[in-house]
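The values are calculated or read from the model by the stated rules, or taken from the named source; none is laboratory data. Since we're looking at a predicted model, the values are computed, not measured. We place every Cβ from the backbone using ideal geometry, glycine too, and count neighbours over all the protein chains shown.
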Amino acid sequence: MDDFANKLRQSLQASPVTKPAYYVLRTLKRSAGELLAFGRSLLFVGIRIIPLILTHRRRPVMFWRRLGAGDIICTFPAAQRLKTRHPDAVFIYNCNPEFFKMPLLAGVASVVVSTDIKPLKKYWSFLFAAIYEFEWGSDGKNYYVSDEFPIEAFCRQHGVPPTRDHPEVKLPEDLARRAANRLAGSLKKDGGPLIVFHTGPTWLIREWPHESWCLLIGRLQSAGLTNIVQVGASRNAFLGELKTNPIPGVISLVDRLSLEETIGTISQARLLIGIDSGLLHMAAWVKTPFVGIWGPTSPQLRFSENCRQSPVVSTVPCQGCHHRLPCLHWINGCQNNIACMKEISVERVFDVCLQELEKSK
């Protein structure tokens with residue numbers, strides 16, 4: 001379909017008869033898009049921003065990061081430092097609706113919204129004391145190489161003292177209680193400490209094979225560790241609905257927890273086991289030890305040495321390809337058939353999990 005559309009576009013542009021009409025229609029389409037974006041931003045400003053200004057008698061400050069949970073958590077140290085520049089301001093965090101609770105839990109904003117940042121900056125920036133965009137990797141016009149540490153990059157981007165450490169969040173007591181109540185009827189007194197694990201779904205290149213997960217859980221259960229809970233959701237915020245395969249013999253809370261309940265459950269755990277995803281950042285946020293399984297990405301470029309992590313990193317030569325430029329794998333697939341994740345053995349992960357459980361007693 002894309003090839004057909006490109007060929008049709010090229011033929012319309014090349015023909016002396018249709019070329020003027022093509023450019024007129026393209027201009028009209030762009031103008032209509034601009035008008036629609038302006039209208040939506042006007043409605044947003046009228047409903048959300050003007051009332052804030054009238055109520056607080058000062059212009060608000062907006063933080064913006066649209067991507068996943070881990071990315072958003074990584075902006076919090078910079079956001080907290082930026083807040084000191086605007087005493088008594090109202091702070092807004094602009095992100096995907098799936099992640100609304102996190103800026104509120106972190107205390108970086110009292111208002112959370114989801115709207116297009118471009119028309120706000122183009123037409124309405126005068127209504128804000130500041131708009132801070134957090135860009136990293138291949139985002140936007142300010143290109144950062146992909147081997148830069150995200151928390152540090154977000155700080156440096158806006159000229160605040162840099163750090164590599166994840167922030168620490170103090171969860172509300174009722175959230176921790178809700179998480180404990182969710183688990184109370186499922187855990188066994190003689191089943192060992194609570195272990196939480198996350199298999200995805202996410203980009204295929206980050207996932208550990210399902211068979212490996214099943215074998216790992218079996219090994220842990222054979223070692224007397226039966227209080228094992230699977231968390232996550234079958235819907236990815238950016239990839240949509242994805243199939244998830246059940247892991248036998250575990251307590252499955254997949255699709256049964258809200259985002260904040262997931263964070264609360266991780267905070268109750270002795271250990272989180274997972275692939276590179278936002279849940280590892282949640283564990284770092286609530287200071288729960290975690291074992292990450294790493295192939296295309298590298299733990300030392302995601303978490304500081306102060307994190308309570310025990311990474312299991314692939315040993316293939318192409319490991320860490322995500323941090324090399326150009327990055328070729330992410331959406332288009334892997335030319336090495338995701339050898340990095342398939343190479344990681346169950347024995348290695350199992351041994352590291354036991355070592356981490358022993359350290360965290």
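Scanning segment 146-171 for residues that are over 22 Å from the mean Cα position of the chain (by Cα) and not aliphatic (A, V, I, L, M) yields a total of 2. Within segment 240-253, restricting attention to residues that are exposed (fewer than 11 other Cβ atoms within 10 Å of the Cβ) and either modelled with pLDDT of 90 or more or part of a strand (DSSP E or B) (or both), the residue that is nearest to the chain's Cα centre (by Cα) is Gly240. Looking at segment 263-282, can you tell me whether even one residue there is surrounded by fewer than 20 Cβ atoms within 10 Å (Cβ to Cβ) and under 25 Å from Glu148 (Cα atoms)? Among the residues of segment 263-282, not one is surrounded by fewer than 20 Cβ atoms within 10 Å (Cβ to Cβ) and under 25 Å from Glu148 (Cα atoms), which makes the answer no. No other residue among Leu105, Leu183 is modelled with pLDDT of 90 or more and either crowded, with 18+ Cβ neighbours inside 10 Å or in the same structural domain as Glu260 (by TED's automatic domain parsing) (or both) apart from Leu105. Candidates Arg256, Arg348, Arg324: the one that is surrounded by fewer than 17 Cβ atoms within 10 Å (Cβ to Cβ) and either in contact with a strand residue (DSSP E or B) (Cβ under 6 Å, 6 or more places away or on another chain) or not assigned by TED's automatic domain parsing to the domain that holds Arg219 (or both) is Arg348.
Scanning segment 108-118 turns up at least one residue that is surrounded by 21 or more Cβ atoms within 10 Å (Cβ to Cβ) and either at pLDDT 90 or above or in a loop (DSSP other than H, G, I, E, B) (or both).
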